[in-house]
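I have a structure here, written as structure tokens, and I will follow up with some questions on it.
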Amino acid sequence: MARIDAFGKYGFDQATTGTLTADSTTPHWFAIQAVADSQVDVTNVYGDSVTNLPIPAGVTIYVTAVSITVDSGNIIAYRAK
């Protein structure tokens, strides 16, 4: 279970469109919070992926994502280290 004080410890990225891709400063994201009803495509660190994943507004899902594409909506992706 993620501790609430860990959210944002390494920063976050907010996105309404486009793709967030991991790099040397952001190796992956550990949670995605939907600010508005959203639909995303996610690839995790093991290469598994899901497309057209609906996330209702206010819901947080936990991931080990190296790529997040926002198809619609508004999300906050919390960085992991």
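Between SER67 and SER24, what length comes free when the chain is fully extended (0.36 nm per residue of separation minus the Cα-Cα distance, one decimal in nm)?
Values: separation 43, 0.36 × 43 = 15.48 nm, distance 1.33 nm.
Full-extension gain reported as 14.1 nm.
Through the Karplus equation 6.51 cos²θ - 1.76 cosθ + 1.60, θ set to phi - 60°, convert the phi angles of region 35-41 into ³J(HN,Hα) values in whole Hz; use x for Gly and Pro.
Karplus values, whole Hz, x for Gly and Pro: 7, 10, 3, 9, 9, 9, 10.
What is the gain in length, in nm to one decimal, between ASP41 and LYS9 on full extension, counting 0.36 nm per residue of separation less the C-alpha to C-alpha distance?
9.1 nm
Right, next: Ranking ILE32, ILE55, ILE68, ILE76 by Cβ neighbours within 10 Å, fewest first, what do you get?
Sorted ascending by nearby Cβ count, the order is ILE76, ILE55, ILE68, ILE32.
Inverting the mean 1/r over all pairs of different Cα atoms, compute the Kirkwood radius of the chain and quote it in Å.
Numbers: mean 1/r = 0.0815 Å⁻¹.
Over the chain, the inverse of the mean reciprocal pair distance is 12.3 Å.
Coordinate-derived values only; no laboratory data. Keep in mind the model is a prediction, meaning the values are calculated, not measured. Heads up, the Cβs are rebuilt from the backbone with ideal geometry, glycines too, and the neighbour counts pull from every protein chain shown.
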